[in-house]
Amino acid sequence: MTETNLAESYDVVVVGGGPAGLTSALYTTRLGHDTAVIDRGGGRAAMMLDTHNVVGVPETVSGNEFLQTAVEQVQAYGADYVRGTVTDVERATRSATTTDEDENENENENEDGEGNDTLFRVESTAGEVTARRVVLSTGFTDVRPDPPLPRTGRGLHWCLHCDAYMFVDEPVYVMGHSDAVAHVTTIMLNFTSDVDLLLNGDEPTWSDETAELLDAHPVDVVEAEVTGKYPDPEDSEWLGGFEFADGTERDYRGGFAMYGSDYNNDLAAALGCELNDDGTVAVDDHGHTSVDGVYAVGDLTRGHNQIPVAMGEGAKTGIDLHMSASGHAPTRSPRSRPRRTTDHRCRSRSSTASSRSRGGVVVPARLTPTYTRHQSS
Ligand SMILES: Cc1cc2nc3c(=O)[nH]c(=O)nc-3n(C[C@H](O)[C@H](O)[C@H](O)COP(=O)(O)OP(=O)(O)OC[C@H]3O[C@@H](n4cnc5c(N)ncnc54)[C@H](O)[C@@H]3O)c2cc1C
């Protein structure tokens, strides 16, 4: 994948280049809004060895192949994609970035729009840019138990909806000590009758009700710590089973680790976005957070953690970004056809006809809106 350099300012900056963020970027770019994606890489989609539940995508496609195609798609339409970690996003007040002359201009421009000149300063290891709107699609990190652990996708799995199907009639473990692990254990009984719950040396924290539920199901609860693992004798890539501190061994094809999710919500929290109790970012149906001009999509928000869901949210937000901002209409005509991906190093938007400088910050010019909010797409 060819990376591009960042320009000084964008209509939309997407933080995080997983399926959710890249979908938002594809929509905003194709609807004519200058868009950059800043992505540190290595998110949940990148962990996939194969792709399930995404119609039209062959199951053999890896997460990295999936993402590479997506990056090339958004780049082909003109979005900038850079590798980098966003370290801070803050509102850049107009008074700090505009001259008096610009201020007067803005007043006129603002007659028909609310908050149209919202600007954010986005700091990243790839550089600093300004953005009218920010999409946070930073996902979460699965909390991992201590090793020894099998390879992700070859005996260690994080996504029930994606991978439970591959364990039909196979011996399976579910590792953890919370209510969630007990819940997943009972779900797995729909796929196979051979399910163990591995406490891995921890005390259970589940409720009395959950304990009763477990008692009512044919599940072995193994208390001993996992001390080792061995491969499948017929396929050394795959797990064969675990060794336990009490000297026992149990064969498994694979299983799930249930230790919770560490949401990458620092930027949202610093911006003042409302968070839900579980650490997800609170959003409405279109991905608006509680902060004007800031959207959140994908695994960072509440809901099913699946690629089609993340892409659907990304699409809704991309369209809403276009439709809802009456003063945020395209800064350029969408390209009539995708261009080839090229390296745009040293490019600057400050010289384009549709941009002008406001107190040193280059802001794209506003055009007449092409949609109203209620028009169907
Ligand atoms: C092993 C595994 C297998 C899976 N298999 C499937 C499957 O087969 N089918 C399916 O539908 N779902 C699957 N899922 C779930 C799916 O991967 C997620 O639901 C999906 O990737 C969510 O997309 P996202 O864009 O919200 O987040 P992610 O894919 O996690 O992308 C978030 C991106 O944001 C970046 N980021 C985070 N913080 C910053 C920052 N500060 N600055 C810049 N970038 C940042 C991350 O590096 C990452 O690139 C699987 C998940 C796992 C873990």
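All of the numbers you see were taken from the coordinates with simple rules; none came from a lab. Source: prediction; values computed, not measured. Counting neighbours? That spans all protein chains shown, and the Cβs are built from the backbone with ideal geometry, glycine included.
So what is the relative contact order for segment 193-279, in percent, with contacts set as C-alpha pairs under 8 Å and at least six apart? Before the final figure, lay out the partial values.
Details: 95 pairs, mean separation 16.4, N = 87.
Normalised by residue count, the contact order of segment 193-279 is 19 percent.
Peptide packing: for 295-304, 14-23, 73-82, the average count of neighbouring Cβ atoms within 10 Å per residue gives the ranking 14-23, 295-304, 73-82, highest mean first. Dipole orientation for segment 143-245: of the candidates Leu214, Phe244, Pro231, Pro231 has the Cα lying most toward the positive pole (charges on Cβ; Lys, Arg +1; Asp, Glu -1). For segment 144-259, the relative contact order works out to 34 percent when only alpha carbon pairs closer than 8 Å and six or more residues apart are counted.
Summary of packing: across the peptides 154-160, 232-238, 127-133, 242-248, the per-residue average of other C-beta atoms within 10 Å ranks them, highest first, as 127-133, 154-160, 242-248, 232-238.
Among Ser137, Ser207, Ser124, the order by Cβ neighbours within 10 angstrom, fewest to most, reads Ser207, Ser124, Ser137. Relative to one another, the C-alpha centroids of segment 9-84 and segment 184-216 are positioned 37 Å apart.
Less than 12 Å Cβ to Cβ from Tyr173, Lys/Arg counted +1 and Asp/Glu -1: what total charge do the surrounding residues give?
Details: positive: Lys229, Arg250, Arg253; negative: Glu170, Asp194, Asp196, Asp220, Asp251.
That sum, taken over residues with Cβ under 12 Å, equals -2.
Taking every DSSP bridge with both residues inside segment 144-259, close to 40 percent are antiparallel. Residue by residue, segment 276-288 carries 3J(HN,Hα) couplings of 7, 4, 7, x, 6, 8, 6, 9, 8, 4, 10, x, 5 Hz when phi is fed to the Karplus relation 6.51 cos²θ - 1.76 cosθ + 1.60 (θ = phi - 60°); x denotes Gly or Pro. Ordered by the number of other Cβ atoms lying within 10 Å of each residue's own Cβ, fewest first, His286, His177 fall into the sequence His286, His177.
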